[in-house]
Amino acid sequence: MIRRVLPHGLGRGLLTRRPGTRRGGFSLDWDGKVSEIKKKIKSILPGTPCDVLPDTSHLPPEHSDVVVVGGGVLGLSVAYWLKQLENRRGGMRVLVVERDHTYSQASTGLSVGGICQQFSLPENIQLSLFSASFLRNINEYLAVTNAPPLDLQFNPSGYLLLASEKDAAAMESNVKVQKQEGAKVCLMSPDQLRNKFPWINTEGVALASYGMENEGWFDPWCLLHGLRQKLMSMGVFFCQGEVTRFVTSSQRMMTTDDEMVTLKSIHEVHVKMDHSLEYQPVECAIVINAAGAWSAQIAALAGIGKGPPGTLQGTKLPVEPRKRYVYVWHCPQGPGLETPLVADTSGAYFRREGLGSNYLGGRSPAEVSRVGWDMLARRHRIIVMKESGFWPGSVCFVHPQVQTAWAGYYDYNTFDQNGVVGPHPLVVNMYFATGFSGHGLQQAPGVGRAVAEMILEGSFQTIDLSPFLFNRFYLGEKTQENNIM
Amino acid sequence: MWNGTRGIHRLGGAVVPEGNQKKERKMLQFLNNHFYDVEALRGYLLQREMSKVHLKNRSFTWLEEQHGPYSAGAFFILKQGGAVKFRDKEWIRPDKYGHFSPEFWNFREVPVEAVDASDCEINYEGLDNLLLLKELQSLSLQRCPHVDDWCLSRLYPLADSLQELSLAGCPRVSERGLACLHHLQNLRRLDISDLPAVSNPGLTQILVEEMLPNCQVVGVDWAEGLKLGPEEHEVPVFIPGCPWLKVTAPVTLRQPFPCPSSGLGR
């Protein structure tokens with residue numbers, strides 16, 4: 001019956017004049033036409049992908065409750081906790097937009113993967129403690145039926161921080177705070193250090209703090225992969241694209257001090273596809289800025305920082321990309337299996353990598369060094385290492401051979417080197433989860449939960465991160481962290 | 001059918017499936033991928049197994065004030081199915097029904113010397129109870145399915161007294177966890193045989209021996225992993241001063257050197 005009906009409809013199509021056909025009759029290759037007609041019938045019938053309409057499978061959905069800008073570990077952690085803490089299953093549609101699905105420049109994949117509780121702020125310590133318990137029970141949190149269990153390759157070897165005379169007092173008070181919060185850290189004198197780790201040269205070392213439990217390093221890719229897998233099973237949408245525009249609507253309101261203030265609200269996000277001008281406007285209710293080293297760009301798109309300097313409107317997000325190098329070297333007579341991650345107050349650190357006498361380490365430079373945003377060239381900076389006295393001064397490596405090196409960006413908070421968490425006071429539906437200056441990976445589970453609680457409940461429920469809100473940049477109150485690596 | 005699920009949940013791949021279990025697993029996977037209810041049911045069963053393990057490892061530290069730390073810790077071990085030896089007393093073991101004699105409640109001041117927790121489902125939380133036994137000298141965690149690297153990092157409070165530790169057959173212990181045993185400087189005997197998660201057993205044995213110089217590390221032949229050639233009279237060579245020499249090409253000698261470890265390649 002279809003064969004009889006269709007030629008009627010298509011017959012007119014066959015007879016239309018087209019350039020190239022002779023006037024007065026149609027010379028068709030009948031076989032070609034038949035195969036075309038067969039294809040069209042197949043595409044209309046159910047069970048096969050419909051080729052009649054243009055393919056939009058690469059585009060994000062047109063509406064989404066929450067749009068997470070940035071698919072690194074912080075963005076995925078926020079998305080995970082949003083889905084985990086929502087009241088109804090499927091109650092919230094979350095879209096994660098990531099510009100680069102290979103994560104070639106993302107800080108998560110390029111990081112050394114350490115986790116430690118040796119901070120000076122109680123909030124940082126609590127975040128790390130929670131993250132340690134999250135990683136320990138990762139197969140309960142991120143369980144997906146049928147998927148194999150995750151192996152984070154966690155090395156529970158601990159962190160050893162070395163302090164000189166002038167930093168010893170600060171280290172003692174830090175350790176006191178850490179013990180109060182529940183971290184298992186102990187202080188060691190130079191003699192005890194020499195007994196325990198005979199390969200350390202204790203000249204110039206006045207005090208050391210050693211983390212005994214819940215500290216070490218792990219594989220960040222595994223965490224990222226586990227989060228992605230779990231999110232896909234929970235129904236989160238992923239899109240590869242770049243956020244190019246926020247469409248906002250504003251409202252002028254009067255504060256209690258009789259000042260007019262403009263409150264903005266983002267109601268549409270334009271996501272542009274890779275290598276094309278095609279973009280999709282996504283209507284959204286909440287936007288989460290977890291773009292890492294590029295968060296300031298996203299914030300500027302929303303109009304944060306566009307105003308006279310010194311006012312709340314003119315306060316920019318002070319997060320910048322800072323390049324950090326990591327080197328891997330081989331040293332056959334080096335420290336043994338029990339080596340913790342050793343760091344000293346000059347910013348240099350190293351740790352063991354695997355069983356084959358390989359070590360990896362780096363150094364955070366003390367002075368400000370700004371780097372071009374687009375370059376992440378990998379160079380073996382052996383000369384720089386030797387000249388600037390890179391080696392952590394207390395450990396002597398005999399005949400090291402540099403095997404490889406790479407560089408990654410810290411999302412460096414130039415104000416006080418601590419994260420920015422929570423909503424912006426003027427752009428009311430943009431939430432930040434960025435600026436952690438090198439400890440984003442180890443605090444990601446805790447921060448994700450805090451942001452999700454802020455969105456769903458309106459306030460921080462488990463760990464109070466009010467010292468990390470955006471307001472402090474305007475008010476000038478620094479939440480300084482003394483131990484950064 | 002549900003025996004198959006327990007096999008799937010066991011981690012580390014230490015349990016090799018028989019032919020039957022493999023077919024059941026494939027069938028289960030097929031059903032899981034095509035039906036939401038099967039997926040939900042499997043998820044529920046997985047959660048139930050995990051909560052059973054949590055229940056077994058609940059905290060017994062509240063017993064400490066009434067009966068003392070040693071009895072509280074011993075009660076935890078006996079409840080899990082392990083055995084306990086108090087100083088100058090006999091081993092106390094539960095019978096096949098899980099019952100054990102209540103005489104240990106009277107041993108308030110007597111410390112526990114040895115614990116045999118083989119095949120018990122102790123995990124990280126359960127170690128809270130084990131660490132009450134401050135003067136423990138011998139601990140056996142053989143074939144414990146939930147003891148992993150995190151648990152090993154928790155053993156350092158027993159460093160003063162622990163002399164013997166056995167981790168044979170634990171599917172989740174890897175060389176990264178063995179690295180944190182360096183706190184246990186009084187250890188005299190360490191058994192690390194048959195650890196499937198350790199990537200390079202021979203090299204790990206050597207590194208652990210270096211880390212714990214006063215300890216006898218048992219279990220793995222350091223020659224495991226050395227490639228021997230196809231020749232008949234091949235004997236692994238020990239050259240003093242070069243214990244890391246990897247013999248990849250066949251080496252023939254007229255008189256083989258005496259080998260220090262027993263049972264090497266003869």
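When region A:101-231 is described by a simple charge dipole with +1 on each Lys and Arg Cβ and -1 on each Asp and Glu Cβ, the residue from A:Gly216, A:Phe197, A:Leu231 located farthest towards its positive end is A:Leu231.
Listed by chain and number, the lysines whose alpha-carbon sits under 17 Å from that of A:Lys478, ignoring those within fewer than 8 places in the same chain, are A:Lys316. Using Cβ point charges alone (K and R +1, D and E -1), the dipole size of region B:32-144 about the Cα centre works out to roughly 180 debye. Rounded to the nearest 10 degrees, the angle from helix A:73-85 to the longest Cα principal axis of chain A is 70 degrees. Accessible surface buried at the A:B interface totals approximately 2600 Å², computed with a 1.4 Å probe on protein heavy atoms. Which of the residues in region B:129-155 lose at least 50 Å² of accessible area when you go from the chain alone to all protein chains together (probe 1.4 Å)? Relative to the lone chain, where solvent access is computed with a 1.4 Å probe, region B:129-155 loses at least 50 Å² at B:Trp150. Given a cut-off of 22 Å, name the pairs among A:Lys83/A:Lys230; B:Lys26/B:Lys52; B:Lys89/B:Lys134 whose C-alpha atoms lie farther apart than that in the structure shown. In this structure, B:Lys26/B:Lys52 lie more than 22 Å apart at Cα.
Among the residues of region A:129-154, which ones have their accessible area go down by 50 Å² or more when all the protein chains sit together, as opposed to their chain alone (1.4 Å probe)? Output list: A:Arg136, A:Glu140, A:Thr145, A:Asn146, A:Phe154.
Report relative contact order for region A:406-459 in percent, whole number only (criteria: Cα-Cα under 8 Å, sequence separation at least 6). The value is 32 percent. For the pair region A:223-284 and region B:76-145, the centres of their Cα atoms are 56 angstrom apart.
The dipole here belongs to region A:41-115: it is taken about the Cα centre, uses +1 on the Cβ of Lys and Arg and -1 on the Cβ of Asp and Glu, and is about 260 debye. Which residues of region B:180-208 show a drop of at least 50 Å² in accessible area when all protein chains are present, compared with their chain alone (probe radius 1.4 Å, heavy atoms only, ligands and nucleic acids excluded)? Buried by 50 Å² or more upon assembly, which counts only protein chains, are B:His182, B:His183, B:Leu207. The value given for region B:129-170 is a Kirkwood hydrodynamic radius of 10.7 Å, derived from the mean inverse Cα-Cα separation.
Highest first, please rank the peptides A:254-260, A:216-222, A:141-147, B:103-109 by the mean number of other Cβ atoms sitting within 10 Å of their residues.
Ranking, from highest mean packing down: A:216-222, A:141-147, B:103-109, A:254-260.
Where does the charge balance sit around A:Val97 when Lys and Arg score +1, Asp and Glu -1, over other residues with C-beta under 12 Å from its C-beta? Overall, the nearby charge balance is -2. Note: relative contact order over chain A, using C-alpha pairs below 8 Å and six or more positions apart, is 20 percent.
Spin-label pair A:Asn137-B:Gln29: with each label point 7 Å from Cα along the Cα-Cβ axis, the two points sit 2.9 nm from one another.
Remark: the A:Gln84-A:Ala300 segment gains 74.7 nm on full extension, using 0.36 nm per residue and subtracting the alpha carbon distance.
The simple Förster model, with R0 at 30 Å and r as the Cβ-Cβ distance, assigns A:Val402 and A:Lys166 a FRET efficiency of 0.40. In this structure region A:118-237 gives 39 Å² per residue of accessible area when probed at 1.4 Å with all protein chains present.
Ignoring ligands, DNA and RNA, please state the percent of accessible area on region A:417-456 from carbon and sulfur, probe 1.4 Å. Result for region A:417-456: 50 percent of the exposed heavy-atom area is carbon or sulfur. Computed from the Cβ-Cβ distance with R0 of 25 Å, the FRET efficiency linking A:Arg245 to A:Ser104 stands at 0.55. Mean per-residue shielding of peptide A:336-343 is 5, counting Cβ atoms of other chains within 10 Å of each Cβ. Straight-line cross-link partners of A:Lys176 among the lysines, defined as a Cα under 21 Å from its Cα and at least 8 positions apart when in the same chain: A:Lys166, A:Lys184.
The alpha carbon centroids of region B:25-75 and region A:53-86 are separated by 32 Å.
Can you give the calculated 222 nm mean residue ellipticity of chain A, where each DSSP H run of n ≥ 4 adds -39,500 (n - 2.57) and the sum is split over every residue, rounded to the nearest 500 deg cm²/dmol?
Result for chain A: -8500 deg cm²/dmol, rounded to the nearest 500.
Among residues other than A:Pro467 with Cβ under 9 Å from its Cβ, the summed charge is -2 (Lys and Arg +1, Asp and Glu -1). Rounded to the nearest 20 debye, the dipole size of region A:159-211 about its Cα centre is 200 debye, using +1 on the Cβ of Lys and Arg and -1 on the Cβ of Asp and Glu. What the phi angles of region A:177-185 give under the Karplus curve with 6.51, -1.76 and 1.60, with θ = phi - 60°, is a coupling list of 4, 5, 5, 4, 7, x, 7, 9, 10 Hz, glycine and proline written as x. Between the beta carbons of A:Leu53 and A:Glu283, assuming R0 = 22 Å, the FRET efficiency works out to 0.55 to the nearest 0.05. Placing pseudo-labels 7 Å out from each Cα toward the beta carbon at A:Asn471 and A:Val428 gives an inter-label distance of 1.6 nm. Here the Karplus relation 6.51 cos²θ - 1.76 cosθ + 1.60, evaluated at θ = phi - 60°, turns the backbone of region B:57-68 into coupling constants of 9, 5, 7, 10, 5, 5, 6, 5, 5, 7, 10, x Hz, with x for every Gly and Pro.
The values are calculated or read from the model by the stated rules, or taken from the named source; none is laboratory data. None of these values were measured; they are calculated from a predicted model. Reconstructed Cβ throughout: ideal geometry from the backbone, glycine too, with neighbour counts over all protein chains shown. These accessible areas exclude ligands, DNA and RNA; they are computed on the full protein's heavy atoms, side chains included. Shrake-Rupley method; radii C 1.70, N 1.55, O 1.52, S 1.80 Å.
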